[in-house]
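**Q** Sharing a structure here in C-alpha coordinates format.
The values are calculated or read from the model by the stated rules, or taken from the named source; none is laboratory data. This is a predicted model, so every value here is computed, not measured. Please note: Cβ atoms are built from the backbone with ideal geometry, for glycine as well, and neighbour counts cover all protein chains shown. Accessible surface areas use protein heavy atoms only, side chains included; no ligands, DNA or RNA. Shrake-Rupley method; radii C 1.70, N 1.55, O 1.52, S 1.80 Å.
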Amino acid sequence: MSEAAPTSRNIPLPIQREVRQRCGFGCVICGLPLYEYEHLLGWANVHRHVAEEITLLCDQHHRERTGGLLPIETVQNANNDPCNLREGVSKPYDLHYSGDECEVRMGSLTFTTSDAGYGTIMVPISVDDTPLVGFILSEGHLLLNVNLFDEFNNCILRVVNNQLVQSAEPWDIQLTGRNLVIRAGHRDILVDLTFEPPNRVLINRGRLLRNGVEIVIRPSYVLVVNNRALIQDLTVINCAYGLKLGPHRGPGGAAVAMDGINRYPEDSSDAMKWAESKLSKDVPEQALGGIVSPGPAEGSTEATEQMR
Ligand SMILES: [Zn+2]
(Lines give C-alpha, C1' and ligand atoms only; values in the text may rest on other atoms or scores of the structure.)
Protein backbone atom coordinates (compact mmCIF):
# COMPACT_ATOMS: atom_id res chain seq x y z
CA MET A 1 0.00 0.00 0.00
CA SER A 2 1.26 3.44 -0.82
CA GLU A 3 1.99 5.90 1.90
CA ALA A 4 0.50 9.35 1.76
CA ALA A 5 2.72 12.27 0.87
CA PRO A 6 4.41 13.82 3.92
CA THR A 7 2.35 16.97 3.66
CA SER A 8 -0.99 15.17 3.40
CA ARG A 9 -3.35 15.21 6.37
CA ASN A 10 -3.92 11.50 5.82
CA ILE A 11 -1.98 9.46 8.32
CA PRO A 12 -0.17 6.52 6.63
CA LEU A 13 -1.80 3.19 7.50
CA PRO A 14 1.24 1.64 9.25
CA ILE A 15 1.44 4.70 11.51
CA GLN A 16 -2.29 4.47 12.25
CA ARG A 17 -1.82 0.84 13.26
CA GLU A 18 1.13 1.68 15.49
CA VAL A 19 -0.92 4.38 17.21
CA ARG A 20 -3.89 2.03 17.71
CA GLN A 21 -1.68 -0.63 19.27
CA ARG A 22 0.10 1.84 21.53
CA CYS A 23 -3.21 3.37 22.70
CA GLY A 24 -5.02 0.06 23.31
CA PHE A 25 -7.53 0.49 20.46
CA GLY A 26 -9.56 3.20 22.16
CA CYS A 27 -9.70 6.80 23.37
CA VAL A 28 -6.74 7.20 25.72
CA ILE A 29 -8.92 9.13 28.18
CA CYS A 30 -12.05 6.97 28.37
CA GLY A 31 -11.31 3.86 26.30
CA LEU A 32 -14.24 4.16 23.88
CA PRO A 33 -13.51 2.00 20.81
CA LEU A 34 -14.79 4.73 18.45
CA TYR A 35 -12.05 7.31 18.06
CA GLU A 36 -10.19 9.83 15.94
CA TYR A 37 -6.47 10.38 15.51
CA GLU A 38 -5.24 13.50 17.28
CA HIS A 39 -1.86 15.16 16.72
CA LEU A 40 -0.67 16.04 20.22
CA LEU A 41 1.30 19.01 18.95
CA GLY A 42 -1.44 20.10 16.58
CA TRP A 43 -1.39 19.21 12.89
CA ALA A 44 -1.25 22.88 11.91
CA ASN A 45 1.98 23.29 13.91
CA VAL A 46 3.89 20.23 12.78
CA HIS A 47 2.58 19.08 9.38
CA ARG A 48 4.08 15.63 9.94
CA HIS A 49 2.93 12.19 11.00
CA VAL A 50 5.06 10.66 13.74
CA ALA A 51 3.42 7.79 15.62
CA GLU A 52 4.69 8.99 19.02
CA GLU A 53 3.10 12.40 18.41
CA ILE A 54 -0.36 11.03 17.60
CA THR A 55 -2.96 9.72 20.04
CA LEU A 56 -6.55 8.46 19.99
CA LEU A 57 -9.50 10.47 21.30
CA CYS A 58 -13.21 9.69 21.15
CA ASP A 59 -15.54 12.23 19.58
CA GLN A 60 -16.46 13.83 22.90
CA HIS A 61 -12.90 14.15 24.15
CA HIS A 62 -11.77 15.31 20.71
CA ARG A 63 -14.36 18.09 20.80
CA GLU A 64 -13.38 19.04 24.33
CA ARG A 65 -9.75 19.20 23.25
CA THR A 66 -10.56 21.33 20.21
CA GLY A 67 -12.80 23.59 22.30
CA GLY A 68 -10.12 24.10 24.93
CA LEU A 69 -11.96 22.28 27.74
CA LEU A 70 -9.45 19.45 27.88
CA PRO A 71 -5.89 20.54 28.76
CA ILE A 72 -3.06 19.12 26.67
CA GLU A 73 -1.37 17.90 29.87
CA THR A 74 -4.34 15.66 30.62
CA VAL A 75 -4.22 14.21 27.11
CA GLN A 76 -0.46 13.67 27.34
CA ASN A 77 -0.80 11.93 30.70
CA ALA A 78 -3.50 9.67 29.29
CA ASN A 79 -1.38 9.06 26.20
CA ASN A 80 1.40 7.81 28.49
CA ASP A 81 -1.02 5.55 30.35
CA PRO A 82 -3.93 4.73 28.00
CA CYS A 83 -7.20 3.77 29.66
CA ASN A 84 -7.61 0.46 27.82
CA LEU A 85 -4.12 -0.80 28.54
CA ARG A 86 -4.65 0.01 32.20
CA GLU A 87 -8.04 -1.71 32.30
CA GLY A 88 -7.25 -4.60 29.95
CA VAL A 89 -10.57 -4.14 28.13
CA SER A 90 -12.14 -1.19 26.38
CA LYS A 91 -15.06 0.83 27.65
CA PRO A 92 -18.33 -0.83 26.60
CA TYR A 93 -20.03 0.70 23.62
CA ASP A 94 -23.76 0.24 23.00
CA LEU A 95 -24.64 -1.06 19.57
CA HIS A 96 -28.09 0.05 18.45
CA TYR A 97 -29.90 -3.15 17.65
CA SER A 98 -33.69 -3.46 17.81
CA GLY A 99 -36.69 -5.04 16.11
CA ASP A 100 -38.42 -8.40 15.95
CA GLU A 101 -36.40 -9.97 13.16
CA CYS A 102 -32.67 -10.41 12.83
CA GLU A 103 -30.25 -11.66 10.23
CA VAL A 104 -26.67 -12.90 10.22
CA ARG A 105 -24.77 -13.54 7.00
CA MET A 106 -21.61 -15.61 7.04
CA GLY A 107 -20.11 -16.03 3.60
CA SER A 108 -22.91 -17.36 1.42
CA LEU A 109 -24.91 -18.57 4.42
CA THR A 110 -27.87 -16.55 5.69
CA PHE A 111 -29.63 -17.03 9.01
CA THR A 112 -32.88 -15.21 9.74
CA THR A 113 -35.15 -15.45 12.77
CA SER A 114 -38.38 -13.74 13.82
CA ASP A 115 -39.36 -13.18 17.44
CA ALA A 116 -41.60 -16.11 18.42
CA GLY A 117 -42.07 -15.09 22.03
CA TYR A 118 -40.16 -15.72 25.21
CA GLY A 119 -36.82 -17.45 24.77
CA THR A 120 -36.38 -16.94 21.04
CA ILE A 121 -32.71 -17.17 20.15
CA MET A 122 -30.72 -17.41 16.98
CA VAL A 123 -27.19 -18.75 17.15
CA PRO A 124 -25.68 -19.02 13.67
CA ILE A 125 -22.53 -20.62 15.01
CA SER A 126 -21.78 -22.30 18.31
CA VAL A 127 -18.88 -24.48 19.45
CA ASP A 128 -19.07 -26.63 22.61
CA ASP A 129 -22.03 -24.64 23.96
CA THR A 130 -20.28 -21.30 23.40
CA PRO A 131 -22.18 -19.12 20.94
CA LEU A 132 -19.64 -17.36 18.74
CA VAL A 133 -22.37 -15.20 17.24
CA GLY A 134 -25.97 -15.01 18.37
CA PHE A 135 -29.05 -12.92 18.90
CA ILE A 136 -31.59 -13.01 21.71
CA LEU A 137 -35.02 -11.73 20.59
CA SER A 138 -37.19 -10.31 23.32
CA GLU A 139 -40.22 -8.04 22.89
CA GLY A 140 -38.77 -5.78 20.23
CA HIS A 141 -35.33 -5.87 21.77
CA LEU A 142 -32.66 -7.49 19.69
CA LEU A 143 -29.64 -8.42 21.77
CA LEU A 144 -26.49 -9.22 19.85
CA ASN A 145 -23.91 -11.48 21.49
CA VAL A 146 -20.47 -12.24 20.05
CA ASN A 147 -17.55 -14.18 21.53
CA LEU A 148 -14.37 -14.32 19.47
CA PHE A 149 -11.25 -16.21 20.49
CA ASP A 150 -7.63 -16.33 19.38
CA GLU A 151 -5.64 -19.51 18.76
CA PHE A 152 -4.76 -19.71 22.42
CA ASN A 153 -8.46 -19.75 23.31
CA ASN A 154 -8.32 -16.27 24.86
CA CYS A 155 -11.46 -14.24 24.34
CA ILE A 156 -10.38 -11.27 22.21
CA LEU A 157 -13.70 -9.61 21.54
CA ARG A 158 -17.07 -9.81 23.21
CA VAL A 159 -20.39 -8.25 22.50
CA VAL A 160 -22.65 -8.84 25.50
CA ASN A 161 -26.28 -7.92 24.87
CA ASN A 162 -25.36 -5.19 22.37
CA GLN A 163 -22.43 -3.89 24.40
CA LEU A 164 -19.17 -4.06 22.50
CA VAL A 165 -16.36 -4.87 24.90
CA GLN A 166 -12.96 -5.26 23.30
CA SER A 167 -9.92 -6.78 24.76
CA ALA A 168 -6.74 -4.78 24.30
CA GLU A 169 -4.76 -7.96 23.59
CA PRO A 170 -4.95 -8.71 19.86
CA TRP A 171 -2.42 -7.49 17.38
CA ASP A 172 -4.83 -5.04 15.79
CA ILE A 173 -8.48 -4.06 16.14
CA GLN A 174 -9.83 -1.53 13.68
CA LEU A 175 -13.36 -0.20 13.91
CA THR A 176 -14.07 2.03 10.93
CA GLY A 177 -17.65 3.18 10.75
CA ARG A 178 -19.64 -0.07 11.00
CA ASN A 179 -16.79 -2.31 9.87
CA LEU A 180 -14.70 -4.16 12.43
CA VAL A 181 -11.48 -5.92 11.45
CA ILE A 182 -9.42 -7.92 13.94
CA ARG A 183 -5.98 -9.07 12.86
CA ALA A 184 -3.75 -11.62 14.56
CA GLY A 185 -0.73 -10.36 12.60
CA HIS A 186 0.21 -8.53 9.45
CA ARG A 187 -2.22 -9.64 6.70
CA ASP A 188 -3.65 -12.29 9.05
CA ILE A 189 -7.32 -11.41 9.43
CA LEU A 190 -9.12 -13.21 12.25
CA VAL A 191 -12.45 -11.64 11.50
CA ASP A 192 -13.88 -8.94 9.29
CA LEU A 193 -17.45 -8.11 10.18
CA THR A 194 -19.93 -5.35 9.56
CA PHE A 195 -22.52 -4.29 12.09
CA GLU A 196 -25.66 -3.27 10.23
CA PRO A 197 -28.03 -1.97 12.88
CA PRO A 198 -30.88 -2.23 13.56
CA ASN A 199 -30.96 -5.94 12.83
CA ARG A 200 -28.14 -7.41 10.75
CA VAL A 201 -24.55 -8.60 11.13
CA LEU A 202 -22.36 -9.56 8.19
CA ILE A 203 -19.33 -11.74 8.74
CA ASN A 204 -17.48 -11.01 5.53
CA ARG A 205 -14.55 -13.27 6.21
CA GLY A 206 -12.99 -14.85 9.22
CA ARG A 207 -11.15 -17.59 10.97
CA LEU A 208 -13.28 -18.44 13.99
CA LEU A 209 -11.50 -20.42 16.67
CA ARG A 210 -12.69 -22.17 19.79
CA ASN A 211 -11.36 -25.18 21.72
CA GLY A 212 -9.30 -26.40 18.77
CA VAL A 213 -12.14 -26.07 16.24
CA GLU A 214 -11.42 -23.79 13.30
CA ILE A 215 -14.09 -22.40 11.01
CA VAL A 216 -13.03 -20.47 7.93
CA ILE A 217 -15.52 -18.00 6.48
CA ARG A 218 -14.98 -16.78 2.93
CA PRO A 219 -17.36 -14.79 0.73
CA SER A 220 -18.54 -17.96 -1.05
CA TYR A 221 -18.34 -20.69 1.60
CA VAL A 222 -17.92 -21.75 5.22
CA LEU A 223 -15.42 -24.50 6.00
CA VAL A 224 -14.98 -26.46 9.22
CA VAL A 225 -11.26 -27.08 8.81
CA ASN A 226 -11.02 -29.97 11.30
CA ASN A 227 -13.13 -32.39 9.26
CA ARG A 228 -13.22 -30.53 5.96
CA ALA A 229 -16.94 -29.99 6.12
CA LEU A 230 -17.77 -27.48 3.43
CA ILE A 231 -21.00 -25.51 3.33
CA GLN A 232 -22.18 -23.18 0.61
CA ASP A 233 -25.31 -21.17 -0.18
CA LEU A 234 -27.40 -22.10 2.82
CA THR A 235 -30.48 -20.19 3.92
CA VAL A 236 -31.81 -20.95 7.39
CA ILE A 237 -34.99 -19.36 8.69
CA ASN A 238 -36.36 -19.69 12.22
CA CYS A 239 -33.92 -22.32 13.43
CA ALA A 240 -32.38 -21.82 16.88
CA TYR A 241 -28.93 -22.95 15.76
CA GLY A 242 -27.16 -22.71 12.41
CA LEU A 243 -23.89 -24.59 12.82
CA LYS A 244 -23.85 -26.45 16.14
CA LEU A 245 -20.37 -27.90 16.50
CA GLY A 246 -19.25 -30.15 19.33
CA PRO A 247 -21.30 -31.20 22.36
CA HIS A 248 -24.13 -28.98 23.60
CA ARG A 249 -26.20 -29.45 26.71
CA GLY A 250 -29.19 -27.29 25.86
CA PRO A 251 -32.03 -28.04 23.45
CA GLY A 252 -32.53 -26.28 20.16
CA GLY A 253 -32.73 -27.45 16.59
CA ALA A 254 -29.74 -26.99 14.33
CA ALA A 255 -29.42 -26.63 10.57
CA VAL A 256 -26.06 -28.38 10.70
CA ALA A 257 -24.92 -30.31 13.77
CA MET A 258 -21.52 -31.98 14.05
CA ASP A 259 -20.14 -33.92 16.95
CA GLY A 260 -16.94 -35.89 17.39
CA ILE A 261 -14.79 -33.26 15.73
CA ASN A 262 -11.03 -33.85 15.88
CA ARG A 263 -9.45 -30.89 17.61
CA TYR A 264 -6.54 -28.65 16.67
CA PRO A 265 -6.35 -29.21 12.92
CA GLU A 266 -3.25 -28.68 10.90
CA ASP A 267 -2.69 -25.41 9.09
CA SER A 268 -5.89 -24.41 7.34
CA SER A 269 -4.30 -23.40 4.04
CA ASP A 270 -4.38 -26.93 2.59
CA ALA A 271 -8.02 -27.33 3.59
CA MET A 272 -8.85 -24.00 1.96
CA LYS A 273 -7.11 -25.02 -1.26
CA TRP A 274 -9.09 -28.23 -1.18
CA ALA A 275 -12.33 -26.30 -0.61
CA GLU A 276 -11.66 -23.90 -3.44
CA SER A 277 -10.80 -26.74 -5.82
CA LYS A 278 -14.05 -28.52 -4.86
CA LEU A 279 -16.13 -25.44 -5.42
CA SER A 280 -14.51 -24.49 -8.69
CA LYS A 281 -14.92 -28.01 -10.14
CA ASP A 282 -17.94 -29.98 -9.12
CA VAL A 283 -20.35 -27.91 -7.15
CA PRO A 284 -23.04 -26.99 -9.73
CA GLU A 285 -26.61 -28.18 -9.72
CA GLN A 286 -27.69 -30.49 -6.97
CA ALA A 287 -24.95 -29.74 -4.49
CA LEU A 288 -25.91 -26.10 -4.30
CA GLY A 289 -27.78 -25.34 -1.16
CA GLY A 290 -26.46 -28.41 0.59
CA ILE A 291 -23.32 -29.70 2.13
CA VAL A 292 -20.37 -31.11 0.32
CA SER A 293 -19.43 -33.74 2.84
CA PRO A 294 -15.95 -34.31 4.23
CA GLY A 295 -13.66 -35.87 1.68
CA PRO A 296 -10.03 -36.65 0.97
CA ALA A 297 -7.42 -34.06 0.31
CA GLU A 298 -6.87 -33.14 -3.29
CA GLY A 299 -3.88 -31.36 -4.67
CA SER A 300 -4.65 -27.91 -5.89
CA THR A 301 -2.53 -24.96 -6.73
CA GLU A 302 -5.40 -22.53 -6.62
CA ALA A 303 -4.31 -19.27 -5.15
CA THR A 304 -5.56 -18.75 -1.64
CA GLU A 305 -6.25 -15.31 -0.38
CA GLN A 306 -4.29 -13.53 2.21
CA MET A 307 -5.89 -15.21 5.19
CA ARG A 308 -4.37 -18.41 6.40
ZN1 LIG B 1 -12.97 9.54 25.34
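**Q** Working only within the range 246-278, note down all residues that are of a type in the set (Ser, Thr, Tyr) and assigned to a helix (DSSP H, G or I). Walk me through it before giving the result.
**A** Quick first cut of the range 246-278, residues of a type in the set (Ser, Thr, Tyr) only: 264, 268-269, 277.
Answer for the range 246-278, where residues must be of a type in the set (Ser, Thr, Tyr) and assigned to a helix (DSSP H, G or I): Ser268, Ser269, Ser277.
**Q** Mind checking whether some residue in the range 64-72 is in a loop (DSSP other than H, G, I, E, B), within 13 Å of the ligand (Cβ to nearest atom), surrounded by 13 or more Cβ atoms within 10 Å (Cβ to Cβ) and not small (Gly, Ala, Ser)? Write out each step before concluding.
**A** Here is the first cut: in the range 64-72, the ones in a loop (DSSP other than H, G, I, E, B) are 67-71.
This time we only want the ones that are within 13 Å of the ligand (Cβ to nearest atom), so: 69-70.
With surrounded by 13 or more Cβ atoms within 10 Å (Cβ to Cβ) added as a condition, the list becomes 70.
Narrowing the set further to residues that are not small (Gly, Ala, Ser) leaves 70.
Within the range 64-72 (the criterion being in a loop (DSSP other than H, G, I, E, B), within 13 Å of the ligand (Cβ to nearest atom), surrounded by 13 or more Cβ atoms within 10 Å (Cβ to Cβ) and not small (Gly, Ala, Ser)), the answer is yes, since at least one residue qualifies.
**Q** I would also like to ask the following. Given the condition under 14 Å from the mean Cα position of the chain (by Cα), open to solvent by less than 40 Å² (accessible area, probe 1.4 Å) and within 16 Å of Arg20 (Cβ to Cβ), answer yes or no: does some residue in the range 121-132 qualify?
**A** No: the range 121-132 contains no residue that is under 14 Å from the mean Cα position of the chain (by Cα), open to solvent by less than 40 Å² (accessible area, probe 1.4 Å) and within 16 Å of Arg20 (Cβ to Cβ).
**Q** Given the structure, is Leu234 under 21 Å from Leu202 (Cα atoms), modelled with pLDDT of 85 or more and surrounded by 16 or more Cβ atoms within 10 Å (Cβ to Cβ)?
**A** Answer is yes for this residue.
**Q** Sticking with this structure for a sec: Filter the range 41-58 down to the residues that are out of contact with any Leu (no Cβ under 7 Å at 6 or more places or on another chain) and under 15 Å from Thr176 (Cα atoms), then identify the one that is surrounded by the most Cβ atoms within 10 Å (Cβ to Cβ).
**A** Leu56
**Q** If you check Gly117, Gly68, which single one turns out to be at pLDDT below 95, not assigned by TED's automatic domain parsing to the domain that holds Pro131 and not aromatic (Phe, Trp, Tyr)?
**A** Gly68 is the lone residue from the list that is at pLDDT below 95, not assigned by TED's automatic domain parsing to the domain that holds Pro131 and not aromatic (Phe, Trp, Tyr).
**Q** Hey, can you tell me all the residues within the range 82-97 that are open to solvent by 20 Å² or more (accessible area, probe 1.4 Å) and within 14 Å of the ligand (Cβ to nearest atom)?
**A** Scanning the range 82-97 gives Arg86, Glu87, Lys91, Pro92, Tyr93.
**Q** Of the conditions (1) more than 16 Å from the ligand (Cβ to nearest atom); (2) part of a loop (DSSP other than H, G, I, E, B), Leu144 clears all except one; give me its number.
**A** (2)
**Q** Output the residues belonging to the range 6-40 that are within 16 Å of the ligand (Cβ to nearest atom), part of a loop (DSSP other than H, G, I, E, B) and either open to solvent by 10 Å² or more (accessible area, probe 1.4 Å) or within 14 Å of Val50 (Cα to Cα) (or both).
**A** Within the range 6-40, Ile29, Cys30, Leu32, Leu34, Tyr35, Leu40 meet the criteria.
**Q** Which one of these does Asn262 not meet: (1) open to solvent by 30 Å² or more (accessible area, probe 1.4 Å); (2) in contact with a strand residue (DSSP E or B) (Cβ under 6 Å, 6 or more places away or on another chain); (3) of a type in the set (S, T, N, Q)?
**A** Looking at each condition in turn, Asn262 falls short on (2).
**Q** Could you list, in sequence order, the residues of the range 239-292 that are basic (Lys, Arg) and at pLDDT below 90?
**A** Result: Lys281, single match.
**Q** A further question follows. Between Arg178, Arg183, which is touching a helix residue (DSSP H, G or I) at 6+ places or on another chain (Cβ under 9 Å), assigned by TED's automatic domain parsing to the domain that holds Ser268 and not acidic (Asp, Glu)?
**A** Going through Arg178, Arg183 in turn, just one is touching a helix residue (DSSP H, G or I) at 6+ places or on another chain (Cβ under 9 Å), assigned by TED's automatic domain parsing to the domain that holds Ser268 and not acidic (Asp, Glu): Arg183.
**Q** Pairs please, first residue from the range 11-37 and in contact (Cβ under 8 Å) with a residue 12 or more places away in the chain and farther than 19 Å from Asn77 by Cβ, second anywhere and charged (D, E, K, R) and away from the ligand (no atom under 16 Å from the Cβ), Cβ atoms under 7 Å, 6+ apart in sequence or on different chains.
**A** Pro12/Glu3; Arg17/Asp172; Arg20/Asp172; Gln21/Asp172
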